[in-house]
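First the structure, in the form of structure tokens, and then the observations on it.
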Protein chains: 2
Amino acid sequence: MNSAETLEPTAVDAEVCCEPSGQPSLDDYEAQLRASVFKALADPNRLRLLSIVKGSEGGEACVCDLTQPLNLGQPTVSHHLRILVDAGLLHREKRGTWAYYSLVPGAIERTTGLLASL
Amino acid sequence: MNSAETLEPTAVDAEVCCEPSGQPSLDDYEAQLRASVFKALADPNRLRLLSIVKGSEGGEACVCDLTQPLNLGQPTVSHHLRILVDAGLLHREKRGTWAYYSLVPGAIERTTGLLASL
DNA sequence: CACACACATTGACAATCATCGATATAGCCG
DNA sequence: CGGCTATATCGATGATTGTCAATGTGTGTG
């Protein structure tokens, strides 16, 4: 395939391909960066965690408030929360024995921006 | 755990939990539904596919245009495209031998809505 | 100090997934 | 009809992931 002059606009260098529109499409690095955020959102239990934290009194919740509604073990919930923190979606603040999780301000909006600017 | 009366507002039924705010947080079904969309977005190559399709001439691209910029085999690209179609993000139209993929109108906006209404 | 509690971390395991090679389907052209 | 091309599907495989039990860490309390 792609001998010389076919009728399809087959790119020669496989980098900037075939779109004379706006952006030159996502490069591999940017795609991996954005995918890591969506990976954090790609689990129903993590979505529920975000939802519960967002709807909690004062906008924050501790782990002990989160294990029961999800019907999951405490280590599993801790694991999910860590992924959400690493993705920049949740903020963790330790007060005494408890760890309070809250939405990072603007994180949701920033994430929708990742979609809109595809 | 959850013997009888501790000091935390432990819900008795693990359904509506502990938020006297707006929504009663996501139920398991809705969470799974939304997660399936984000699962489709949780791969860098699929994000690049969406980006290339969106930026392509006429808003559509066929498989042969997509394998080279991603540096992936044709079966793999077909597989990713299927996932994006199943998620309701891409539309597939067969014309002759070619299959043309295009963004489903409003799909991106609907997806951002899944985030905003958490 | 000793104990209890809230949370994090580790190790293991089953399930899901991304990728590839091989093959199947189907439209076009000689 | 017979080959060629574009795409889809299948089977296998290595990698990632969600979950749990067990354990570690740090903080408050008797």
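The values are calculated or read from the model by the stated rules, or taken from the named source; none is laboratory data. Here the structure is a predicted model, which is why all the values come from computation and not from measurement. Methodologically, a virtual Cβ is constructed for each residue, glycine included, from the backbone with ideal geometry; neighbour enumeration extends over all protein chains shown. Just the protein is used for accessible areas: all its heavy atoms, side chains included, with ligands, DNA and RNA removed. Shrake-Rupley method; radii C 1.70, N 1.55, O 1.52, S 1.80 Å.
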message = Calculate the FRET efficiency for B:GLN23 and A:SER117 from the Cβ-Cβ distance with a Förster distance of 22 Å, rounded to the nearest 0.05.
response = 0.20
inquiry  = With the label 7 angstrom out along Cα to Cβ, how close does A:ALA116 come to the same site in each of the other copies, in nm, nearest first?
reply    = 0.8
request  = Can you list the distances in nanometres, one decimal and ascending, from the B:ASP28 label point to the identical position in each other copy, with the point 7 Å along Cα to Cβ?
outcome  = 4.1
ask   = Under a point spin-label approximation (7 Å from Cα along Cα-to-Cβ), what is the B:GLN32-B:GLN74 distance to one decimal in nm?
value = 3.7
ask   = Under a straight-distance cross-link criterion of Cα-Cα below 17 Å, which lysines are reachable from B:LYS39, leaving out those fewer than 8 residues away in the same chain?
value = A:LYS39
Inter-copy label distances at A:ARG82 (7 Å, Cα→Cβ; nm, one decimal) = 3.5
ask   = Taking the Cα centre of each part, how many Å lie between the stretch B:48-118 and the stretch A:71-93?
value = 31
inquiry  = So, R0 is 35 Å and r is the distance between the beta-carbons of A:ALA99 and B:ALA99; what FRET efficiency does that work out to, to 0.05?
reply    = 0.10
request  = Kindly compute the accessible surface that chains A and B hide from a 1.4 Å probe when together, both sides summed, and give it to the nearest 100 Å².
outcome  = 4000
ask   = How about the stretch A:31-53: which of its residues lose at least 50 Å² of accessible area in the presence of all protein chains relative to their chain isolated, using a 1.4 Å probe?
value = A:PHE38, A:ALA42, A:PRO44, A:LEU47, A:ARG48, A:SER51
message = How much accessible area per residue does the stretch B:28-104 have, counting only protein heavy atoms and a probe of 1.4 Å, in square angstrom?
response = 45
